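Below: the structure, in structure tokens.
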2 protein chains.
Amino acid sequence: MSEPRPVVGVDLGGTKIFSLVATAEGQVLGEDRRPTQAEEGRDAVIGRLVDSVRRAMGEANVTTGEIAGVGISTPGPCDPERGVVTGPPNLPGWRDVPLTQLVSDAMGVPVLLENDAAAAAYGELHFGAGQGCRHLVYVTLGTGIGGGIIIDGRIYGGASGAAGEIGHLVIVEDGPPCGCGNRGCVEALASGLAIAREAAAAVRGGRSPMLAELAGDAPPTAELVLQAATRGDSVSREIIERAGHYLGLGLVGLLNCFNPEALILGGGLLGLGDLYLGPAVRIAREGAFDQVVADVRITEAKLGGRAGALGAAALISAREQR
Amino acid sequence: MSEPRPVVGVDLGGTKIFSLVATAEGQVLGEDRRPTQAEEGRDAVIGRLVDSVRRAMGEANVTTGEIAGVGISTPGPCDPERGVVTGPPNLPGWRDVPLTQLVSDAMGVPVLLENDAAAAAYGELHFGAGQGCRHLVYVTLGTGIGGGIIIDGRIYGGASGAAGEIGHLVIVEDGPPCGCGNRGCVEALASGLAIAREAAAAVRGGRSPMLAELAGDAPPTAELVLQAATRGDSVSREIIERAGHYLGLGLVGLLNCFNPEALILGGGLLGLGDLYLGPAVRIAREGAFDQVVADVRITEAKLGGRAGALGAAALISAREQR
């Protein structure tokens, strides 16, 4: 087999496009970041994505003929097998878009796509906190809560590429309504949205003057709740700890179902630190089976915002090496 | 490759040993059933297991030299890779027993073991309700609630062979205590034990004279609750429906995590029929993601009490064909 070629990874998000060129070993040779401007519509976004890839390739000083292909991490739901973005809520107007075909036509190289949480899981497996694992579960903690599952070193997508919806384990019967239509899901209790909802209720109820002052006229975000907690606001502190507690109850189920070698926590809510992750990890360790706890490494993600793009790039490398 | 040889499957349970000889296609050629008499200790039980296998082989008219090996379905926890039964609660005194070695020494053929829920899942995959699937989840509903997971046609055991503890998803925060030490697990709310506990409370509280009469001096079982419900006792009816409701909440999480092609429900509680399974399946279908629900077949197990032994036998066939 010849020397593995450089690969391109793209993280296509609702607000930004991030492209990188990397070696098969994950060394980044060039990058580009630009706003998605999703409101300009599908074709404009795809054009910008291709421009972003070309820019990263320019920085890496590689040509189209030299790369093995382009892997794209896209918001779910999508269908990796057909290469179609089926209808992501944060890319308005995208409905059954054959993204791999369109980008492949524009660039003349092989293209694949994978849903963002699965791509990030694969990135962490190859270059981050999951190196050396066969089975791992990656949980992304942000506005929502998602997950990616790696089994035997490969992404497990399930029957329709929808596996890993870890935010939608029910943990509180008749709990708060969730975006999925159900009630009491992990996402409805432990996500950034859940923290913001509880914070708004605290402001409305006059229970946290500090949070009210920090937020001003805008609805309070998870970040603001952390600020208030750091400044000693006990209500804000409780909101974050409570969310961490619920996350922990969800992790118990995950650990008992998947018995993974590593449980990797990623996403923006890592910024909430120990106030959030402390109770989550404690409850997970206390609640799951002893053997399962003994055999799992619970750890934070290492690749940050690059996980999705690096994972998508690694998928291209893996395909080339088959 | 030569003609696949007949295989032996054994279901070693806390109360009975069931052995069968089958063709690689799952046709049963001979069977034996006898009590485990676990109280007589490990060596007596292993002797009885070997006798049972020999009896089934006699009925099938095959000799030790003609079979490919013996697969044993054992109560968890166990370690299939090392062939060790680590410490099943219903085989008292068994602690780190090298069962495959002991049976192999006694019989002079290859032996493997697998935990009972995983073996049953594998049996259903090959010969029962899961035929043709790549990914399936099998849930066993009895005194406790367990599960077996098949991914890409193979048993998924996780890091330590403990994956699939589906009964230990938390669905009710601060719910009733569970045998696992946690609270509010599916098993604590939807199992035979949970139904019996609620029934005992109803009898104690004087809420179900019919159940009290049926039970007499003994604690009411799930079976008695069904009898009372069938005779029109509304409290008993509610106990079963409520358990089904909780089972449904657990199934939502399972479906959203695994996105399986089939969800197979097995075990003794199937006898509770629609009163139990009706709400469970309805809630699962309503609560899981549309795509996941569209792509899953939710179905009852087909192999009944033979699933574990047939699955263990199929594992021997699969090993022979590798």
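Quick note: the coordinates plus some simple rules give every number you see, no bench work behind them. Given the structure is predicted, the values throughout are model-derived calculations rather than measurements. Because the Cβ atoms are built from the backbone with ideal geometry, glycine has one as well, and the counts that use them run over all protein chains shown.
For this structure, a couple of remarks:
- Between identical copies, the spacing of B:T64 label points, each set 7 Å from Cα toward the C-beta atom, reads 6.9 nm from nearest to farthest.
- Segment A:R183..A:E300, full-extension length gain: 39.3 nm, with 0.36 nm per residue of separation and the alpha-carbon distance subtracted.
- Using C-alpha pairs below 8 Å separated by at least 6 residues, the relative contact order for the range A:64-135 is 32 percent.
- Rounded to the nearest 20, the size of the Cβ-charge dipole of the range B:129-301 about its Cα centre is 60 debye, with Lys and Arg at +1 and Asp and Glu at -1.
- With label points set 7 Å from Cα along Cα→Cβ, the inter-copy distances at A:A201 are 2.4 nm, sorted shortest first.
- Against the main long axis of the alpha-carbon atoms of chain A, helix A:274-287 sits at an angle near 90°.
- Part-to-part distance (alpha-carbon centres) for the range B:286-322 and the range A:261-322, which is given in Å: 29 Å
- Cβ crowding within 10 Å ranks B:L269, B:L99 as B:L99, B:L269, fewest other Cβ atoms first.
- Simple point charges give the picture: +1 on the Cβ of Lys and Arg, -1 on the Cβ of Asp and Glu, and for the range A:91-176 a dipole about the Cα centre of about 240 debye.
- Bins of 10 Å, starting at 0 and running to the largest distance - Cα pair percent for the range A:107-149: 28, 44, 21, 7
- Across chain B, the mean sequence separation of Cα contacts (distance under 8 Å, 6 or more residues apart), normalised by length, yields a relative contact order of 20 percent.
- Estimated distance in nm for a label pair at A:D217 and B:L270, the labels positioned 7 Å out from Cα along Cα-to-Cβ: 6.4 nm
- Taken about its Cα centre, the protein assembly as shown carries a charge dipole of roughly 100 debye when the Cβ of each Lys and Arg holds +1 and the Cβ of each Asp and Glu holds -1.
- Estimated translational D of the range A:209-273 in µm²/s (Stokes, Kirkwood radius over Cα pairs; 37 °C; 0.692 mPa s): 245 µm²/s
- Length-normalised contact order of the range A:133-301 in % [C-alpha pairs under 8 Å, at least 6 apart]: 23 percent
- Rounded to whole Hz, the Karplus (6.51, -1.76, 1.60) HN-Hα couplings of the range A:177-189, x for glycine and proline: x, 10, x, 7, x, 8, 10, x, 5, 3, 4, 6, 10
- Euclidean distance between Cα centres, the range A:71-144 to the range B:40-55, Å: 53 Å
- A straight line joining the Cα centroids of the range B:154-203 and the range A:230-245 runs 30 Å.
- Debye log10 I(q)/I(0) at q = 0.09, 0.15, 0.17 Å⁻¹ for the range B:129-301, Cα point scatterers: -0.31, -0.80, -0.99
- The other copies place their A:T230 label points at 6.5 nm from this one, listed shortest first, where each point is 7 Å from Cα along Cα→Cβ.
- Coordinate range along principal axes, alpha carbons of the range A:133-197, Å, largest first: 37, 21, 16
- Residues of type lysines that B:K16 reaches as a straight line, Cα spacing below 28 Å, ignoring anything fewer than 8 places off in the same chain: B:K302
- With Cα atoms, 0 to 90° folded angle of helix B:234-258 axis to chain B main axis: 60 degrees
- Per principal axis, descending, Cα span of the range B:11-151 in whole Å: 37, 34, 25
- Between 0 and 90°, nearest 10: helix A:307-321 axis offset from chain A longest Cα axis: 40 degrees
- Remark: mean inter-chain Cβ contacts per residue of B:288-296 equal 5, using a 10 Å Cβ-Cβ cutoff to other protein chain atoms.
- Placing unit charges on each Cβ (+1 for Lys and Arg, -1 for Asp and Glu) gives the range A:185-322 a dipole about its Cα centre, and among A:G305, A:A218, A:I316 the Cα reaching farthest toward its positive end belongs to A:I316.
- Rounded to whole numbers, the Karplus 3J(HN,Hα) couplings from phi for the range A:200-211 are 4, 5, 5, 5, 4, x, x, 8, 9, x, 5, 4 Hz, using 6.51 cos²θ - 1.76 cosθ + 1.60 with θ = phi - 60°, and x at Gly and Pro.
- Simple label model, 7 Å out from Cα along Cβ direction - B:D51 to A:E59, nm: 7.5 nm
- Computed on the Cα atoms alone, the convex hull of the protein assembly as shown gives a volume of 170 cubic angstrom per residue.
- Counting only other chain Cβ atoms within 10 Å of each residue's Cβ, the peptide A:247-256 averages 6.
- Helical runs assigned H by DSSP (4 residues or longer) give chain B a calculated mean residue ellipticity at 222 nm of -13000 deg cm²/dmol, each run adding -39500 (n - 2.57) before division by the residue total.
- Based on the Stokes-Einstein relation at 20 °C and a viscosity of 1.002 mPa s, and on the Kirkwood radius from alpha carbon pairs, chain A is assigned a translational diffusion coefficient of 106 µm²/s.
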